[in-house]
Every structure is written in C-alpha cells, then in structure tokens.
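Only one structure is covered here, and it is reproduced in the block below.
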Amino acid sequence: MASLRDIKSRINSTQKTSQITKAMEMVYSAKWNKSVLNAKSFVPYMEKIQEVTASVANGSKGIAHPMLQARSVKKTGYIVMTSDRGLAGAYNSNVLRRVFQTIQQKHQSNDEFAIIAIGRMARDFFAKRGMNVVLDIVGMSDTPTFSDIKDIASATVGMYADGTFDEVHIYYTHYVSAISQVVTEKQLLPLTDIGPSSKLASYEFEPSAEEILEVLLPQYAESLIFGALLDSKASEHAARMTAMRNATDNAKELIRSYSLMYNRARQAAITQEITEIVGGAAALE
C-alpha cells in the first residue's frame, strides 16, 4: 500500500494538472466562440456565390466548362483537414480513419491518388504510411483568413484544371454543436452539384457566361475549401474545449479517490499508533 507521503504527492500533482486543464478549457472556450462566429459569418457569402454560380451555369445552355463536367477518373485528390497538434479528443483520429479506410477501399496503388494535407497531423499520418502528400500547410492560425490558404486552394484547382486530378474530395469535421462534430466528405471537383438557380434564373449578365464562369468557378471552389476550414476550426476548438473539460472532471474524480485513500490510510495509521500505545501501557502494568 502506498505511503501517506506518496498519496499526498499524487493529490498535489493531480490538483496542479486539473488547474492546467481548467485554464486550457477557458482558453479554448474563447477560441471556440470566435471560430463559430467566423464560420457563421461566412455562410451568407457562400450562399450568394453558390446562387450566382448556379444561375450562370444552369441558366446558359451549351456551356462546357471542364470544372462542371465529370470525366473518367484516373487519379483522385484528397484534401484532408486536421489540426497541428493533439489534445483534441478524437477530432483528428476520426477524420484520418475515415480517409484511410476510403483510400484502402477505392485504390489499389499510390499512383491512383494524392493527399493535400491541411494540418501537421494529416501530413505526418500519411507521410509515415508512404502515401503521396503533394501539398501541405502547417502552422495554421486559430482564426484563419482566406490569404492563409489561397495558395494551396489555387494550386488544388489548378491541378484539377491541368488534369493532374480527375476528381477532388475534401474531408473535414463539420461543426454541429459544442458536443457534436461530424466527419464530412464532399466532392469539391468537378462541381456537378452546384444547386438550384431559381432566384437568379431571370437575370441578365455581361460579359458572356463562359467568361464569367472562367473567373467565378475557381473562386467558388476556393470558397468551398475556406468554408470547410472555418467549419473544421470551429469543430477543433469545440473538441479541445470538451477534451479539457473531461480531463478536469477526471482529475477531480482522481483527487476524490486519492483523498479517500489518504484518509483511510491516515485513520489506519492513527489506529495502529493507538493500538501500540495501549499495548505498551498494558505491558507496563
């Protein structure tokens, strides 16, 4: 059985750990609030650019833009969004497991796919397994701006346009609530499901639809990547906040358990001392 000193040391160290996790929970709570606001504020822009793109693409007949047409798939690109570090519960492992299982089911060799990793955890995970990571970005801000990912988003669209990829899928964690985040997969390219165009179907536009789509479609695809990143960041901070709260609760439970153990050991020691005193006094009679 552990000594009183050992138990007291465990109580003190666990209390210090709980103080750290509680402080981290408060930090991530503030970041979570800000990231949720950022994700929500981007929604109106996403809806508007989708509406305009759908109007131009669906309202003009005879347009054959390569970003709108499916083609024979020889190579697939996977954009995978994770964090740069752990301490986020199952946030990273869930999305990495989903992508890894998909790749194993769909592809026979590494030549049939490539990874675009946003986050150190994704980059390291696939690199360690010998998978082809063609692009990566690490050190992402907790409150990212479009300029943070513009290069990698433009490069991704460019690799689809030049035929490097025949389709591009994006995997990220969709924010539902503070306690619920869902791994989500979307086909980024080709843009075969832009949506209805009823709101702007009667609008006229200049210059030609082909010229507009030449500029608009890459911007739309890049905005999808940025929107997914904002959503993923909100999920990350929510997962971290929840993980730190659970760690704090577990530390408090350990402290209660150690305190009970300490009190029992202390009572046993006192009882032993009383027994020895009584025994000694009886021996002197």
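Quick note: the coordinates plus some simple rules give every number you see, no bench work behind them. Here the structure is a predicted model, which is why all the values come from computation and not from measurement. For neighbour counting, all protein chains shown are included, and Cβ atoms are generated from backbone atoms with ideal geometry for every residue, glycine included.
Brief remarks on what is shown
- Among the trypsin sites (Lys or Arg not before Pro) within the stretch 79-173, those in coil by DSSP and having at most 14 neighbouring Cβ atoms inside 10 Å are Arg85, Arg129.
- Here Phe42, Phe226, Phe165 are placed in order of increasing Cβ neighbour count within 10 Å, fewest first, which gives Phe42, Phe226, Phe165.
- Largest GNM mean-square fluctuation across Ile270, Ile255, Ile137, computed for the chain with C-alpha springs under 10 Å, falls on Ile270.
- Computed extension gain for Glu206 through Lys74, at 0.36 nm per residue and net of the alpha carbon distance, reaches 43.9 nm.
- Candidate aspartates and glutamates - alpha carbon under 20 Å from Lys150, same-chain residues fewer than 8 apart omitted: Glu47, Asp84, Asp136, Asp142, Asp162, Glu167, Glu214, Glu222, Asp231
- His65/Lys128 FRET efficiency (R0 41 Å; Cβ-Cβ; nearest 0.05): 0.60
- Partners for Lys16 among lysines (Cα-Cα distance below 17 Å; same-chain residues under 8 apart left out): Lys8, Lys252
- The mean sequence distance of close C-alpha pairs (under 8 Å, at least 6 residues apart), as a share of the length of the stretch 73-213, puts its relative contact order at 27 percent.
- Dividing the summed -39500 (n - 2.57) terms of all DSSP H runs of n ≥ 4 by the residue count of the chain sets its mean residue ellipticity at 222 nm at -22000 deg cm²/dmol.
- Build a GNM of the chain with springs between Cα atoms under 10 Å apart, and of Glu214, Glu25, Glu185 the one that fluctuates most is Glu214.
- Farthest positive-ward along the chain dipole, Cα basis, beta-carbon charges - from Ile20, Tyr262, Gly77: Tyr262
- Across the stretch 168-185, coupling constants 3J(HN,Hα) worked out from phi with the 6.51/-1.76/1.60 Karplus curve, θ = phi - 60°, read 9, 10, 10, 10, 8, 9, 7, 7, 9, 7, 5, 10, 9, 9, 10, 5, 10, 10 Hz, and Gly and Pro carry x.
- Under the shape rule built on the C-alpha gyration tensor, where the axes satisfy a ≥ b ≥ c, the stretch 25-243 is oblate, since a/c reaches at least 1.5 while a/b does not exceed b/c.
- Relative contact order (percent, whole number), the chain, Cα cutoff 8 Å, 6+ residue spacing: 34 percent
- The chain: antiparallel DSSP beta bridges as a percent of all, rounded to 5: 40 percent
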